[in-house]
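Below is one structure, written out as structure tokens, with a few remarks after it.
The values are calculated or read from the model by the stated rules, or taken from the named source; none is laboratory data. Because the structure is predicted, anything quoted here is derived from the model rather than measured. Every residue, glycine among them, receives a Cβ derived from its backbone with ideal geometry; neighbour counts consider all protein chains shown. What goes into the accessible areas is simple: the full protein's heavy atoms, side chains included, and nothing from ligands, DNA or RNA. Shrake-Rupley method; radii C 1.70, N 1.55, O 1.52, S 1.80 Å.
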Amino acid sequence: VHRGLPAKIILIGEDGAGRTVLIKQLFSKYFENGFLPIKLNIDELKHLSFDPLKDVIEKCFKKQYNESSDTLWQADMSRAIILIDDFHLFHTAKKFKKALLRNLQKICGNILLCGNKLMQFEDYTSSESDSLFDGYEPYILLEYGPKLRWELVNKWNTLEEIELDGNELLRKNDYCLAVVNEIIGKNLVPSYPIYILTILQSIESFSSHSPEYSLHGY
């Protein structure tokens, strides 16, 4: 977002990593920055040829921008960004996927594809030599390690209206981090920010309902 348009990007993450949430956030951020994002669902991409594909994109544009009287093609297409979630669910031969991507790029030069880690092995499962995602820049959503978990817990605990002193903040950080690590360590949830924040919110909610106990009582 901060660099401007994405050009051609692949966003890869495990199921449950927050891919769909991130796509929605990127849609909002690009729109706020004056761009024209258009989100396509994978089940809408049944037509691979150029003209039917343009009709699908125009339909999605109308739907996402409140049935605007203007057509997409009246807009500045250099500002348009096509966002496609769950691209790994597009079950068809590689040559058809290439045709789809080729026609999409003719319509819009800025494309962001999102899917799971199977997309990384797309070229290895095909007999065709040229890459399906040639020219695309890959990004992978990684789980938080111990350092990033601590930073997230500390940031959460410093958002309170009542500022904690140094020792109290450290004690609360240690307690929250122990709960987070305990849950993640038992493989109950993956170590992605959305899950860590959910755990922290649950701790906060539990604490607020039992004010008679100290922090160590939990």
Residues (outside any helix (DSSP H, G or I) and modelled with pLDDT of 85 or more) located in segment 160-191
Ser191
Residues that are of a type in the set (D, E, K, R) and at pLDDT 85 or above, drawn from segment 20-61
Lys24, Lys29, Glu32, Lys39, Asp51, Lys54, Asp55, Glu58, Lys59
Kindly check whether there is at least one residue in segment 76-92 that is of a type in the set (Phe, Trp, Tyr) and under 28 Å from Ile140 (Cα atoms).
yes
Would you mention how many residues in segment 106-159 are basic (Lys, Arg) and at pLDDT below 85?
1
Whichever residue in segment 14-35 is of a type outside the set (Ser, Thr, Tyr) and under 14 Å from Ile84 (Cα atoms) and, among such residues, is surrounded by the fewest Cβ atoms within 10 Å (Cβ to Cβ)
Val21
Segment 49-90 - residue that is acidic (Asp, Glu) and open to solvent by less than 60 Å² (accessible area, probe 1.4 Å) and, of those, nearest to the chain's Cα centre (by Cα)
Asp85
Contact list, first residue from segment 95-118 and touching a residue at least 60 places away in the same chain (Cβ under 8 Å) and part of a helix (DSSP H, G or I), second anywhere and among the small types (Gly, Ala, Ser) and open to solvent by 70 Å² or more (accessible area, probe 1.4 Å), beta-carbon distance below 8 Å, six or more apart or interchain, is none
Look at segment 135-193 and say how many of its residues are within 30 Å of Leu112 (Cα to Cα), out of contact with any Phe, Trp or Tyr (no Cβ under 8 Å at 6 or more places or on another chain) and among the hydroxyl-bearing types (Ser, Thr, Tyr).
2
Given the condition under 22 Å from Lys95 (Cβ atoms), assigned to a loop (DSSP other than H, G, I, E, B) and among the hydrophobic types (A, V, I, L, M, F, W, C), answer yes or no: does some residue in segment 39-58 qualify?
yes
For segment 161-193, the count of residues that are closer than 22 Å to Gly13 by Cβ and open to solvent by less than 50 Å² (accessible area, probe 1.4 Å) equals 8
